[in-house]
Amino acid sequence: MTEINNLNSTIQNVSRRELRDLVRTQLQMLLETGDLQGAKAILVPVQPADIAEAIEGLPEAMHALAFRLLSKDEAIEVYEYLDYSVQERLIEELKSQEVRDIVDQMSPDDRARLFDELPAKVVNRLLEQLSPAERQATAQLLGYEADTAGRIMTLELISLKENFTVFQALERIRNLANASEMIYYLYVMDAARRLTGIVSLRELVTSQPEQIIGEIMTRDVIFVHTDTDQEEVARLIQRYDFLAVPVVDREQRLVGIVTVDDVIDILQQETTEDIYALGGGVQSGGDNYFQMNLLEIARKRVVWLLVLLVTNTITGTIIKSQEDLLAKVVTLTAFIPLLTGTGGNVGAQSSTVVIRGMNTDEIRSLGALQVIGREAIAGLLLGGMLGTIATIWAYFLQGRLEVAIAVGVSLVAISLLASISGSALPFLFRYLRLDPALMSAPFITTAVDVLGVLIYFNLARVILNL
């Protein structure tokens, strides 16, 4: 018991970064030795989010055992912080009553996101076990399209009427605070549930008790519709620094709110997906990459690698077709990797900044042609600088001015081509309703490698008079 007390004292003094590893290590050691009381004791001072991360770091076989150490209220709170893959495994391993208690107490939006990840059979079984009110709320959210405001919103909000006094409004907040996810914004509706205004908690507590809500509320409300894309919702909240944004249907009736904590999850998910796609053509689907099955990871990554394999085959065929040129000037072969590698990097830079601009709306005020033009000029500047260096370096290595000029001029042309491809393809794929991040990388590689070697060999023939 002294060791547990010492550990709890240590927990209070470590940084949040060190906490997860400390708790996970000690928790795993205690579970392996069968000391369940000790394992339960070290979790007492730990925050739910940190407990969730500690559980995720345990071997899979220990997830359910560690989770059962928590009290019912703790389990409900910790469960919402767990990765979806761990949530799925716990549903399979926990008893039916434990699952029912946890799922029924989850907020509707978190429950809907969980159900999106589960097999249809499991979802139907869980829906049947929910209380009528929670079943209706969950079914309502699942009725909206995925990745829209309707799917990610919460129904737990506090609404007011224009004729309420400030005193009545504050009393309503006290009565409904525990049943609402957000109390800092109060939404005003008319008799038909149409959104007519918004009032903040700050405005309420600084107003006189007898004032009417209609006198202090803001009537110019920024809202989204149920079918608004979740990324647009995230950008809206980010732009205006909101804690939440109201969601209305086509009749302007208030149906829910999207809160900033959900937006942070969305931004993290979208950014993660884009990084995976840009870095290796991997579609994560919102899953934690390091929690995914290795066979599933290989299946997703092999597609992109097959594209590169085909690309290299085409490039190799082009090189083979130029055997007569290479036989006369063998030194040309030495610079092929330099040219294609540099072109690929330039194209990747252009596509990355354009895709990032698309996601953050930084290029909304610029047309596609203007963005492509800017990147083309940047490509020329980069090509000019790199081409000059490559010309000097090639002459230093080979001692032939014609070869050095061919390498330098080719690098300028390839850099221009790569910049145009890298900036234009994301716009093309977005127009075709394809994922720019996922599709751009393999196609840029293909364009730069295939066209790059063609440019190089043809320029070399002209400059060398062959």
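Within region 134-144, not a single residue is modelled with pLDDT under 85, part of a helix (DSSP H, G or I) and of a type in the set (K, R). Residues in region 149-187 that are over 17 Å from V205 (Cα atoms), free of Cβ contacts under 8 Å to residues at least 40 places away in the same chain and small (G, A, S): A179, S180.
Each row is one residue, and each column tells you yes or no for (1) open to solvent by 70 Å² or more (accessible area, probe 1.4 Å); (2) modelled with pLDDT of 75 or more; (3) of a type outside the set (A, V, I, L, M, F, W, C).
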site: T271; (1), (2), (3): no, no, yes
site: A277; (1), (2), (3): no, no, no
site: Q283; (1), (2), (3): yes, no, yes
site: N288; (1), (2), (3): no, no, yes
site: W304; (1), (2), (3): no, no, no
site: D324; (1), (2), (3): yes, yes, yes
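Residues that are among the hydroxyl-bearing types (S, T, Y) and touching a strand residue (DSSP E or B) at 6+ places or on another chain (Cβ under 7 Å): does region 227-245 have at least one? Among the residues of region 227-245, at least one is among the hydroxyl-bearing types (S, T, Y) and touching a strand residue (DSSP E or B) at 6+ places or on another chain (Cβ under 7 Å), which makes the answer yes. Identify all residues within region 118-130 that are crowded, with 17+ Cβ neighbours inside 10 Å and either within 24 Å of the chain's Cα centre (by Cα) or under 19 Å from D265 (Cα atoms) (or both); write none if there are none. Across region 118-130, the qualifying residue is only L118. Listed by position, the helices (runs of 4 or more DSSP H) inside region 177-280 whose residues that are within 21 Å of T154 (Cβ to Cβ) number at least 3 are 230-240, 260-280. The residue pairs whose first member lies in region 373-391 and is without any contact (Cβ under 8 Å) to a residue 24 or more places away in the chain, whose second member is part of a helix (DSSP H, G or I) and open to solvent by less than 40 Å² (accessible area, probe 1.4 Å), and whose beta carbons are closer than 6 Å, counting only pairs six or more residues apart or on different chains, are T391/A404; T391/G408.
One line per residue, one yes/no per condition, for (1) of a type in the set (S, T, Y); (2) without any contact (Cβ under 8 Å) to a residue 24 or more places away in the chain; (3) over 20 Å from V86 (Cβ atoms); (4) open to solvent by less than 70 Å² (accessible area, probe 1.4 Å):
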{"site": "Q26", "(1), (2), (3), (4)": "no, yes, no, yes"}
{"site": "T33", "(1), (2), (3), (4)": "yes, yes, yes, no"}
{"site": "V46", "(1), (2), (3), (4)": "no, no, no, yes"}
{"site": "E53", "(1), (2), (3), (4)": "no, no, no, no"}
{"site": "E56", "(1), (2), (3), (4)": "no, no, no, yes"}
{"site": "E60", "(1), (2), (3), (4)": "no, no, no, no"}
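For V166, the conditions (1) open to solvent by less than 20 Å² (accessible area, probe 1.4 Å); (2) within 24 Å of P108 (Cα to Cα) all hold with the exception of (2).
Can S351 be described as open to solvent by less than 30 Å² (accessible area, probe 1.4 Å) and touching a Pro at 6+ places or on another chain (Cβ under 9 Å)? Taking the combined requirement at face value, the residue satisfies it.
The residue list K40, K95 contains one member that is under 30 Å from E181 (Cα atoms), at pLDDT below 80, more than 32 Å from the chain's Cα centre (by Cα) and not aromatic (F, W, Y), which is K95.
Within this structure, E134 fails the test of being open to solvent by 70 Å² or more (accessible area, probe 1.4 Å) and among the acidic types (D, E).
The values are calculated or read from the model by the stated rules, or taken from the named source; none is laboratory data. Just so it is clear, the structure is predicted and the values come from calculations on it, not from any experiment. Because the Cβ atoms are built from the backbone with ideal geometry, glycine has one as well, and the counts that use them run over all protein chains shown. Calculation scope for accessible area: heavy atoms of the full protein, side chains included, ligands and nucleic acids excluded. Shrake-Rupley method; radii C 1.70, N 1.55, O 1.52, S 1.80 Å.
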